[in-house]
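To start, the structure under review is shown below, and the notes come after it.
The values are calculated or read from the model by the stated rules, or taken from the named source; none is laboratory data. Just so you know, these numbers come straight off a predicted model, no measurement behind them. Glycine gets a Cβ as well: all are built from the backbone with ideal geometry, and neighbour counts include every protein chain shown.
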Ligand code: 9Z3
């Protein structure tokens, strides 16, 4: 059997997409996106497709269990806001229930919206003296007004389209469909692939239909449609785990390299494609990001380490300077429970074997929040400059 990873990208694509039915919501999403894109083509506005959040890898067709990853969608949701601020319209392709632009400021356990509210005293003429009006606490008024105004602006002017996905297969279908629909945008299209996409999946043909059973089923049970102990999904039909030691052995195939197809097939001519590379080992990050850029011949890889991603990223580009670090200055870094500040700087390749601390980026602190500067407020303006240059080159050629 040929693995998808060993096939030509176009062949791997058709095999992969033939495995699954398209997501039920795809036709609706396509109709919404078509109208959204038409509007912005007409206005000659740039449109960015931001992907955000993790993807699930279901273990069963009727899914009870799935493999997931850590991504909450902070990078994607935050970046989308800065793109909107730069005048882009945003198609926000996100993992369902992950963070969304604007509402992210008041969601999840760290920023519960209730902590921003108060009950004021009822006015003297109020008929119910037990019920005061609910209002935003005075210390949060300015910040919330600012967020609310930006949110309203994006909504009223049709600048933000929210499209959810859950599984890695849904993500692939949606990405392909959106990229094709974006063709009329030409160089005004930008792809910003921040979603943490699984590299592995279980082909539909090897997937259990029903919930995988962890205990023996009685022999007299008509379980023809259930997965019994004999058929427990191992991912390798030949090797059954010993009955006495129930193990679930999951065998995953590599997801085809969709970036190849995006760059060479789906995306509009002249559009800009930006991918992210995530690593945990500092010594691998720059190497892996460079390799990705060479392999897919797109325009920018933004490298980040899991432990320092909120404070530093590296831009890897085909043109000089090839490697450029963007860092939030030390005094302006947000607090992060999972982050490891000591690791900032470790992934930067040391030239001549010497420590070479790069000058810190000059930051515009106007986007400072309660938690310091968001690194996306530095990333997006730099990226937009690169997009400007690409568009300029394209128009000079014509
Ligand atoms: C990223 O590297 C994103 O920056 C993060 C953001 C997922 C780290 P959070 O949601 O995290 O803010 O918590 N995204 C891309 C990761 C990825 O899967 N890249 C693929 C790869 O590394 C290529 S597209 O091979």
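For segment 48-71, taking the residues that are surrounded by fewer than 19 Cβ atoms within 10 Å (Cβ to Cβ) and in a loop (DSSP other than H, G, I, E, B), the one that is farthest from the ligand (Cβ to nearest atom) is identified as 62.
Does residue 269 count as more than 12 Å from the ligand (Cβ to nearest atom), in contact (Cβ under 8 Å) with a residue 12 or more places away in the chain and surrounded by fewer than 21 Cβ atoms within 10 Å (Cβ to Cβ)? Considered against the rule, which asks whether it is more than 12 Å from the ligand (Cβ to nearest atom), in contact (Cβ under 8 Å) with a residue 12 or more places away in the chain and surrounded by fewer than 21 Cβ atoms within 10 Å (Cβ to Cβ), residue 269 comes out as yes. Of the residues 84, 114, 99, the single one that is more than 13 Å from the ligand (Cβ to nearest atom) and in contact with a strand residue (DSSP E or B) (Cβ under 9 Å, 6 or more places away or on another chain) is 84.
All conditions but one from (1) free of Cβ contacts under 8 Å to residues at least 24 places away in the same chain; (2) in contact with a helix residue (DSSP H, G or I) (Cβ under 9 Å, 6 or more places away or on another chain); (3) more than 30 Å from residue 31 (Cα to Cα) apply to residue 107; the one that does not is (3). Among the residues of segment 226-233, is there at least one that is surrounded by 14 or more Cβ atoms within 10 Å (Cβ to Cβ), modelled with pLDDT of 90 or more and closer than 22 Å to residue 251 by Cβ? No, the conditions are met nowhere in segment 226-233. Of the candidates 83, 113, the single residue that is at pLDDT below 95 and either within 24 Å of residue 150 (Cβ to Cβ) or surrounded by 14 or more Cβ atoms within 10 Å (Cβ to Cβ) (or both) is 113.
The condition of being surrounded by 14 or more Cβ atoms within 10 Å (Cβ to Cβ) and either within 13 Å of the ligand (Cβ to nearest atom) or assigned to a loop (DSSP other than H, G, I, E, B) (or both) holds for only one of 127, 122, that being 122.
Just one of the numbered conditions (1) in contact with a helix residue (DSSP H, G or I) (Cβ under 9 Å, 6 or more places away or on another chain); (2) modelled with pLDDT of 95 or more; (3) within 16 Å of the ligand (Cβ to nearest atom) is not true of residue 23: (3).
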